[in-house]
Each structure stands twice: as structure tokens, then as C-alpha cells.
Amino acid sequence: MRSLSAAVVAAALAMIAPGVLAPAARASDPPTSIGRGGGAATVDRLATQAAVDTLRDGGNATDAAVTAAAVLGVTEPFSCGVGGGGFMVSYDARARQVTTLDQRERAPAAMTPESFFENGAPLAFNDARYSGMSVGVPGTVRGWARALREHGTISLAQALAPAIRVARDGFVVDAAFAAQTQENLDYFDDVPATAALYLDPDGTPHDVGTVFRNPDLAHTYELLAQGGPRAFYTGPLARAILQTVRNPPVGASANHSFRPGVMNASDLRDYRARERPPVQSTYRGLDVFGMGPPSSGGSTIAEALNILEGYDLGTMTRADALHYELEASRYAFADRSAYVADPDYYDVPLQGLLSKDYAATRRALIGDRAATSPVAPGDPYAYDGGTGAGVGTGAGAGEASATPTRAGSTTHITVADKRGDIVSYTFTNESTGGSALLVPGYGFLLNNELTDFNYDSTTHPNRVEGGKRPRSSISPTIVLRDGRPWLGLGSPGGSTIITTVLGILVDRIDLGSTLPAAIAAPRASERNTPAATAEPAFIASPEGSALSARGHAFTVAPVASGAPEIGAATGVELLGWNRLLTAAEPVRRGGGSALVVQPDQ
């Protein structure tokens with residue numbers, strides 16, 4: 001870890017909360033680096049190295065982010081890839097402007113609010129997920145192409161070159177990869193193409209330490225390098241996607257039924273990645289930018305921060321500050337679940353949700369003890385600059401989602417270049433392993449993103465509708481200080497993404513943590529459920545005990561990548577004088593990788 005100064009290492013490790021084991025130093029994958037010339041942080045060394053190589057060769061932050069994303073599509077195939085979608089938030093230092101790119105999957109035009117119903121009742125989650133019906137029209141490839149065209153300096157072919165090499169030459173299977181395979185074993189072995197790629201002949205996951213290669217995905221990337229996004233959304237590859245969705249290639253001995261989807265050629269051909277206005281809010285004099293609807297990340301984090309701005313968290317004990325953080329998240333999530341959906345289909349009261357005055361009404365409900373969830377949504381319409389239509393405006397507002405607390409998988413990339421550009425990019429297949437449907441001959445899994453709809457409702461604002469984009473929790477975030485870029489961060493983790501990013505911001509801004517320590521700290525996620533999800537180290541900490549005494553209830557986080565954990569965040573912090581710090585998880589998901597172009601010695 002030569003790229004870290006001794007003082008920063010000591011400070012970061014000293015501020016890791018009790019119960020979290022400090023990681024062993026791994027010279028090949030430092031979780032934190034400091035230096036110059038730009039840098040990147042991801043969950044994977046090969047992806048981070050590809051991003052830094054791109055920066056070193058003169059590319060900018062967008063070039064590096066897309067290059068890293070393509071590599072993650074190879075090495076993190078259960079979390080992301082060309083079969084999914086995502087959201088990108090970017091800061092352009094020359095224009096001094098933040099832009100956002102919506103690469104979210106869309107429902108096929110033929111889908112209806114009853115698409116996931118059988119015999120008048122909604123399907124169970126796994127029956128909905130493992131199906132062709134759950135597959136949204138992928139947005140990743142259109143997103144990469146548009147990002148490079150409008151903000152990059154290299155071609156898509158150049159961005160894909162490192163990933164092609166990794167797919168052909170292979171990479172070493174680690175414990176996280178094997179654990180994610182094991183999570184899906186009962187469904188992967190139903191699909192011959194998926195089993196052939198991800199399982200050994202005896203039907204078990206590939207052994208840790210073996211080399212995994214994906215020549216079919218290398219071929220797919222080569223097609224995209226030659227033909228651009230048209231090669232994905234039309235032609236033989238598009239027909240293969242449609243065949244997989246409409247007639248899931250399940251083996252004769254499968255013990256599950258994969259229902260067919262209704263995607264057609266025009267759904268693929270007509271897909272577009274869209275630039276949308278960022279969500280902008282202020283907190284303690286900082287400008288916080290996030291992703292707007294159909295993502296709920298930016299607005300929910302902003303609302304929670306607006307609530308917390310009324311408390312002097314920096315003068316409190318950590319337990320007291322965390323109490324208010326959990327309560328702010330509880331009330332913000334009640335509003336998120338009621339009012340955020342695709343703005344092309346529902347009039348999201350975004351101005352109201354971002355209103356400081358509205359936040360004050362939610363803050364007034366918070367006491368010294370934990371509230372009992374679920375708490376009711378408020379009335380942001382009264383602060384939305386309109387007629388104050390009230391809670392009942394959105395049919396079904398306040399309904400619980402069928403999947404409000406499912407972990408999801410996903411991966412996050414944070415990059416900054418020497419000019420001061422930052423890219424914060426989260427992309428996903430939704431659940432770990434997506435729909436389990438691999439496109440035969442092309443080497444990538446298809447998403448199950450459409451289970452992010454309130455698919456069990458025919459009235460909720462986030463109900464299934466043809467052409468609609470499901471609500472997301474993805475929360476790529478960029479923070480400016482005095483008008484200049486300071487932080488970029490994000491995380492995977494389904495709806496826990498929002499609470500992870502919120503917690504890191506509070507730790508870094510209010511509680512005096514370094515960015516590495518804020519990323520490493522134990523986590524709890526309050527999403528307006530009877531018990532907050534928490535990591536064992538959080539529950540066992542002094543803060544966990546103090547919060548329990550104040551009425552907070554906790555349930556252990558689900559196992560992800562072999563351990564009960566929440567998120568796998570990455571971030572960058574610009575330090576001034578052209579220096580920056582890059583940070584990734586030291587332990588979660590096996591530990592991430594953070595590198596810079598010119599490390600401090």
C-alpha cells in the first residue's frame with residue numbers, strides 16, 4: 001500500500017467503528033490511494049486498473065468510467081453488464097456543470113399492470129424474477145455510447161479493448177464470485193447456457209483460484225466495437241435476446257418454470273438513454289447532486305439531509321447522531337415509496353420532496369425515541385408549487401412495494417481525472433444473477449429489473465406499464481464545495497444504496513470521519529420497515545446497543561457474497577493542488593480497489 005501516506009492509513013483505520021476488522025494490507029488491491037493525475041475506485045482490481053490506464057493515456061473521467069464498466073461486465077457478471085442498465089452522474093470541470101444520464105431499463109410496450117399476475121393474484125417474487133417477463137429492455141450499451149459521444153474522448157471500441165482482453169485471457173475466481181454463483185445455483189442449473197458458463201460439469205460453482213474465461217462475451221464486445229449500439233439493438237444479437245426472453249431456454253430437467261416475456265424487436269430498436277436534470281440540494285453549505293426520477297436515490301437522500309440539517313449532529317454523540325439519521329431515513333423512505341416513479345408516467349412532486357419547508361414538517365414528527373414503522377407518507381404536494389393536491393393525488397400512494405427491502409446486487413464506479421471531472425456511475429442487473437437467463441452464444445446475463453416495479457399493484461404510481469422505467473434506488477452522488485468538486489460516491493445494494501450513501505455523507509460531513517473510514521464503518525439501513533436491516537458489527541457496537549435502548553429494532557443483513565453485509569461503496573475526494581483520494585470497501589464483497597495515476601510516495 002505504498003500509495004497511502006502513513007498518517008492517512010492510521011487515521012482511516014483508527015476511525016473504523018468497533019466491530020469491523022481492519023483488512024490485511026493487500027499490495028495488489030489497495031482500498032485507498034492518494035496522489036495526482038486522476039484515479040478510480042471499483043470493487044475489482046482489473047476494472048480499476050483499466051480505468052487508471054485510460055486516464056494515464058490521456059482519457060478523461062467518462063472514458064475511464066466506461067472502460068472500467070466494460071471490465072466489470074466480465075468480472076462482476078452477476079451484478080452488471082450489457083444485459084442491464086444504470087444511472088450516471090457527471091461533473092464537467094470546464095463547463096462547471098453536473099449532468100445525469102438515465103440508462104434505466106424499460107418495460108416492453110406490451111406489458112400491463114397485470115403482467116405479473118396469475119389467476120388474479122401477483123406472482124411470488126422468485127416466480128416473477130426468474131422469467132422472461134422480468135427482463136427490461138437493456139440500457140447499458142446505449143448509455144455507454146451516449147456518454148462517450150457527448151462527454152468522452154475515445155471511441156466505444158477503445159473503451160471495450162481492455163474488457164475484451166480480460167474476457168479472452170480470463171481472471172481468477174475469488175470467494176465473492178463463487179458465493180454469488182452458489183446463491184443462484186438452484187436456478188442457474190435450470191438454464192443450460194447459464195450452467196455451461198458458470199458451473200463446473202458436476203453442477204457446482206467454479207473453484208476459488210481457478211481461471212474463468214468468457215470467449216462469447218469477448219465476441220459480443222467485438223461486435224459492439226465494430227458496429228456500435230446498433231449491433232446490440234438490431235440484427236442477430238437482438239434476435240438472440242428476444243428469443244431468450246420470449247422462449248426462455250430452460251432444460252428438460254429444470255425444477256422451475258421460467259415464464260415467457262413479451263419483448264419485441266421495436267422495444268429494443270427504439271430504446272434511448274436519456275439525459276435528465278440532476279436533483280440538486282444543499283446541505284451545510286455544500287451542493288449535493290444526485291439522480292432524479294425514475295431513480296429515487298437523489299430525492300430521498302436530499303429529503304433526509306434536509307431533515308437532518310435542523311440538527312447540530314457534529315456536537316452529538318455518535319449514537320445520538322445515528323438516531324436522527326435513522327429517523328430521517330424512515331420518514332424520507334415513506335415518501336419515496338409513495339411518490340417516486342417514472343416521471344413520464346406519473347407527476348412526481350419533486351419540488352415538494354426537495355423543499356426545506358416540507359422537510360421541517362417531517363422533522364417535527366421525530367422524537368427522542370424511534371418511531372414505529374411503517375410511518376405514513378406526508379403531503380409534499382402542498383410544497384410543490386402547484387395546487388396542493390394532497391396525498392390522494394397519486395392513485396395508490398403509500399402502498400408498500402413487493403420488493404422494498406430486497407438487497408439487489410449492482411456495482412458502482414467512481415472516477416476523477418486530472419482536470420477535475422468526476423463520474424459517479426452505478427449499473428446493475430438488479431438481483432445478483434439477474435433473471436438467470438444467459439443469452440446463448442453471447443455470454444451475458446439478462447436483468448430482472450422489472451421486479452423493481454410495484455408489480456403486485458395495479459394502482460400504485462410505480463405499477464407496471466408498457467414503456468415505463470421502474471423506480472430505482474441507485475444513488476450516484478457528487479458534492480461540490482464552494483462551487484468546486486469535492487466528493488463523488490455511490491454504492492450497490494438495492495434499496496440499501498440510499499441509506500449507505502446517506503450514512504457516508506453524514507459520517508464525512510458531520511461526524512469527522514475520513515472518507516475511507518466512512519466507507520468502512522458498520523451500517524444499518526432504516527427503510528420504514530418494522531426493523532432496520534443492520535450488519536452484525538453495527539448491532540454489536542455500543543451505538544447499536546444505545547439505539548436499541550431508544551426503541552430501534554434491528555434484523556441482521558442478508559448474506560451477500562458469502563457474508564451478511566450492506567453495500568460495496570466507492571468514492572473519490574478531491575484534496576486540492578491537483579491531489580485526490582480514492583477509496584473502496586476494505587472488506588465488503590471481498591474488498592475493492594482504489595488507485596491513482598501518480599501515487600504519493
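The values are calculated or read from the model by the stated rules, or taken from the named source; none is laboratory data. Just so it is clear, the model here is predicted, and its values are computed rather than measured. Note that each Cβ is placed from the backbone with ideal geometry, even for glycine, and that neighbours are counted across all protein chains shown. The protein model used for the area step is the full one, side chains on, heavy atoms only, and it has no ligands, DNA or RNA in it. Shrake-Rupley method; radii C 1.70, N 1.55, O 1.52, S 1.80 Å.
Descriptive notes on the structure:
- Residues satisfying the stated conditions in segment 196-206, i.e. touching a residue at least 24 places away in the same chain (Cβ under 8 Å) and either in a loop (DSSP other than H, G, I, E, B) or surrounded by fewer than 19 Cβ atoms within 10 Å (Cβ to Cβ) (or both): His206
- Residues of segment 415-444 that turn out to be of a type in the set (S, T, N, Q) and out of contact with any strand residue (DSSP E or B) (no Cβ under 8 Å at 6 or more places or on another chain), as a count: 1
- Restricting attention to segment 418-429, the residues being under 20 Å from Leu217 (Cβ atoms) and not in a loop (DSSP other than H, G, I, E, B) number 3.
- First in segment 36-60 and assigned to a strand (DSSP E or B), second anywhere and surrounded by fewer than 24 Cβ atoms within 10 Å (Cβ to Cβ), Cβ under 6 Å, 6 or more apart: Arg36/Asn578; Arg36/Arg579; Arg36/Gln598; Gly37/Lys418; Gly37/Val597; Gly37/Gln598; Gly38/Lys418; Gly38/Val597
- Among residues of segment 45-65, those that are open to solvent by less than 10 Å² (accessible area, probe 1.4 Å) and either of a type in the set (Asp, Glu) or closer than 20 Å to Glu449 by Cβ (or both), counted: 1
- Within segment 147-166, being closer than 17 Å to Arg230 by Cα and either hydroxyl-bearing (Ser, Thr, Tyr) or surrounded by fewer than 18 Cβ atoms within 10 Å (Cβ to Cβ) (or both) holds for Arg149, Ser155, Ala157.
Table: residues versus (1) surrounded by 24 or more Cβ atoms within 10 Å (Cβ to Cβ); (2) touching a strand residue (DSSP E or B) at 6+ places or on another chain (Cβ under 7 Å).
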residue	(1), (2)
Gly466	no, no
Pro476	yes, yes
Trp486	no, yes
Gly493	yes, no
Thr496	yes, yes
Thr499	yes, yes
Ile504	yes, yes
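- Selection from segment 168-191 of residues that are open to solvent by less than 70 Å² (accessible area, probe 1.4 Å), closer than 17 Å to Gly434 by Cβ and not aromatic (Phe, Trp, Tyr): Ala176, Ala179, Gln180, Thr181, Asn184, Leu185, Asp190, Val191
- Tallying residues that are among the polar types (S, T, N, Q) and either modelled with pLDDT under 95 or not in a loop (DSSP other than H, G, I, E, B) (or both) within segment 430-469 yields 3.
- Condition check for Leu322: surrounded by 22 or more Cβ atoms within 10 Å (Cβ to Cβ), at pLDDT 95 or above and of a type outside the set (Ser, Thr, Tyr): yes
Condition check ((1) under 12 Å from Val43 (Cα atoms); (2) in a loop (DSSP other than H, G, I, E, B); (3) open to solvent by less than 30 Å² (accessible area, probe 1.4 Å)) across all residues:
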residue: Ile566; (1), (2), (3): no, yes, yes
residue: Ala583; (1), (2), (3): yes, no, yes
residue: Arg589; (1), (2), (3): yes, no, yes
residue: Val596; (1), (2), (3): no, no, yes
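- Of all residues in segment 135-173 being part of a helix (DSSP H, G or I), closer than 30 Å to Pro260 by Cα and of a type in the set (Val, Ile, Thr), the one that is nearest to the chain's Cα centre (by Cα): Thr140
- Scanning segment 536-556 for residues that are free of Cβ contacts under 8 Å to residues at least 60 places away in the same chain, under 26 Å from Arg589 (Cβ atoms) and aliphatic (A, V, I, L, M) turns up Ile539, Val556.
- Tally, over segment 517-560, of residues that are in a strand (DSSP E or B), open to solvent by 60 Å² or more (accessible area, probe 1.4 Å) and out of contact with any strand residue (DSSP E or B) (no Cβ under 8 Å at 6 or more places or on another chain): 1
- Filtered residues of segment 274-305 (kept if open to solvent by less than 10 Å² (accessible area, probe 1.4 Å) and more than 15 Å from Val479 (Cβ to Cβ)): Gly292, Pro294, Ser295, Ser296, Ser299, Thr300, Glu303
- Scanning segment 356-375 for residues that are closer than 28 Å to Gly385 by Cβ and either touching an Asp or Glu at 6+ places or on another chain (Cβ under 8 Å) or part of a helix (DSSP H, G or I) (or both) yields Lys356, Asp357, Tyr358, Ala359, Ala360, Thr361, Arg362, Arg363, Ile366.
- Which listed residue is open to solvent by less than 10 Å² (accessible area, probe 1.4 Å) and in contact (Cβ under 8 Å) with a residue 60 or more places away in the chain, from Thr432, Thr451, Thr514: Thr451
- Note on segment 113-134: residues that are in a helix (DSSP H, G or I) and buried (at least 18 other Cβ atoms within 10 Å of the Cβ) total 3.
- Note on segment 247-297: enclosed strands (runs of 3 or more DSSP E) holding 2 or more residues that are more than 21 Å from Phe427 (Cα to Cα) are 279-283, 286-290.
- Residue match in segment 338-347 (condition: open to solvent by less than 10 Å² (accessible area, probe 1.4 Å), among the small types (Gly, Ala, Ser) and part of a loop (DSSP other than H, G, I, E, B)): yes
- Annotation note: Cβ proximity below 6 Å between a residue of segment 476-501 that is in contact (Cβ under 8 Å) with a residue 40 or more places away in the chain and a residue that is in a helix (DSSP H, G or I) and among the small types (Gly, Ala, Ser) (sequence gap 6+ or interchain) occurs for Ile498/Gly297; Thr499/Ser329.
- Phe78 being among the aromatic types (Phe, Trp, Tyr) and open to solvent by 10 Å² or more (accessible area, probe 1.4 Å): no
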